[in-house]
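> Here it is: the structure, laid out below.
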Amino acid sequence: MNVFNRVVMVLLFLTVMILTILIAIVPEQSFRLAGAFFEWARQTAVNYNTSTQWPLFAAGRVLVSGAIALVCLVLIWLEVRKPRRKSIRVQKTAGGEAHVAIDSVAQRIAYNLDRLPDVVKVTPRIIGRARTMDIELLLETSPDIDIPAKTEEVLQITREIVEQRMGLKLGKVQVKIKHAPYPKEQLS
């Protein structure tokens, strides 16, 4: 979005600069040309409104203006929304400030939880806040595990990694478990 903003702003400034210079150098001809353009646009609109194709012209105006409004709303939303945090501030630092990348936290959690027995795959999703983080863990496990015990073990290890080893403050942890498929029995 940052590159898009820069391109739009450069084009907008260039357009304003060129128009300002033209109006300053030849004001009468510039306004006469602008007036002629708007008179042509008005006359074209009048001709379409009085023709037999006015419903098609009206529908086209509504579609074009609606599309422009929709694009503008999307761009405004993209501009004012808060970007996702890429790092989280470490709580336990003396005399300085340290930040840990969210990707590093996710990688470390996945590595440590992947080593647990009966855990096939771990996919962490971390939502960083100013000083805390919420974690959503998607675990793929073997089909015959004790879910409450495994969930408690995963929560304990996650808290230990995040709070004790990394010095970060942990918010809410949500564990979603998906069982791996049962192995197919082979017929002899």
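> Count, please, the residues in segment 161-188 that happen to be loosely packed, with under 13 Cβ neighbours inside 10 Å and not small (Gly, Ala, Ser).
Counting residues in segment 161-188 that are loosely packed, with under 13 Cβ neighbours inside 10 Å and not small (Gly, Ala, Ser) gives 13.
> Does Val16 meet the test of being of a type in the set (Val, Ile, Thr) and within 30 Å of Val105 (Cα to Cα)?
Against the criterion (of a type in the set (Val, Ile, Thr) and within 30 Å of Val105 (Cα to Cα)), Val16 does not qualify.
> Kindly state which strands (runs of 3 or more DSSP E) lie completely within segment 69-151 and contain at least 3 residues that are more than 20 Å from the chain's Cα centre (by Cα), at pLDDT 80 or above and not polar (S, T, N, Q). Step through it out loud before you land on a result.
Numbers: elements: 87-89, 99-101, 119-128, 132-141.
The qualifying strands (runs of 3 or more DSSP E) are 119-128, 132-141.
> Any residue at all in segment 24-35 that is of a type outside the set (S, T, N, Q), modelled with pLDDT of 90 or more and outside any helix (DSSP H, G or I)?
yes
> Using beta carbons and a limit of 6 Å, which pairs, at least six apart or on different chains, have the first residue in segment 23-41 and more than 30 Å from Phe57 (Cβ to Cβ) and the second one surrounded by 10 or more Cβ atoms within 10 Å (Cβ to Cβ)?
Going by the 6 Å Cβ cut-off, the qualifying pairs are Ile23/Ser30.
> Residues in segment 55-76: is at least one out of contact with any Ser or Thr (no Cβ under 8 Å at 6 or more places or on another chain) and either touching a residue at least 12 places away in the same chain (Cβ under 8 Å) or of a type in the set (Phe, Trp, Tyr) (or both)? Before you say what the answer is, go through the steps one by one.
Of segment 55-76, the ones out of contact with any Ser or Thr (no Cβ under 8 Å at 6 or more places or on another chain) are 55-56, 58-76.
From the residues that got through so far, the ones that are either touching a residue at least 12 places away in the same chain (Cβ under 8 Å) or of a type in the set (Phe, Trp, Tyr) (or both) too are none.
Taking every residue of segment 55-76 in turn, none turns out to be out of contact with any Ser or Thr (no Cβ under 8 Å at 6 or more places or on another chain) and either touching a residue at least 12 places away in the same chain (Cβ under 8 Å) or of a type in the set (Phe, Trp, Tyr) (or both).
> Out of (1) charged (D, E, K, R); (2) touching a helix residue (DSSP H, G or I) at 6+ places or on another chain (Cβ under 9 Å); (3) over 30 Å from Ala149 (Cβ atoms), the odd one out for Arg81 is which?
(2)
> Can you say whether Phe4 is under 22 Å from the mean Cα position of the chain (by Cα) and more than 30 Å from Val162 (Cβ to Cβ), as far as the supplied structure shows?
Numbers: under 22 Å from the mean Cα position of the chain (by Cα): yes; more than 30 Å from Val162 (Cβ to Cβ): yes.
Yes: the conditions hold for Phe4.
The values are calculated or read from the model by the stated rules, or taken from the named source; none is laboratory data. All figures in this text were calculated on a predicted structure; none of them were measured in a lab. Cβ coordinates were reconstructed from backbone atoms using ideal geometry, including for glycine residues, and neighbour counts include every protein chain displayed.
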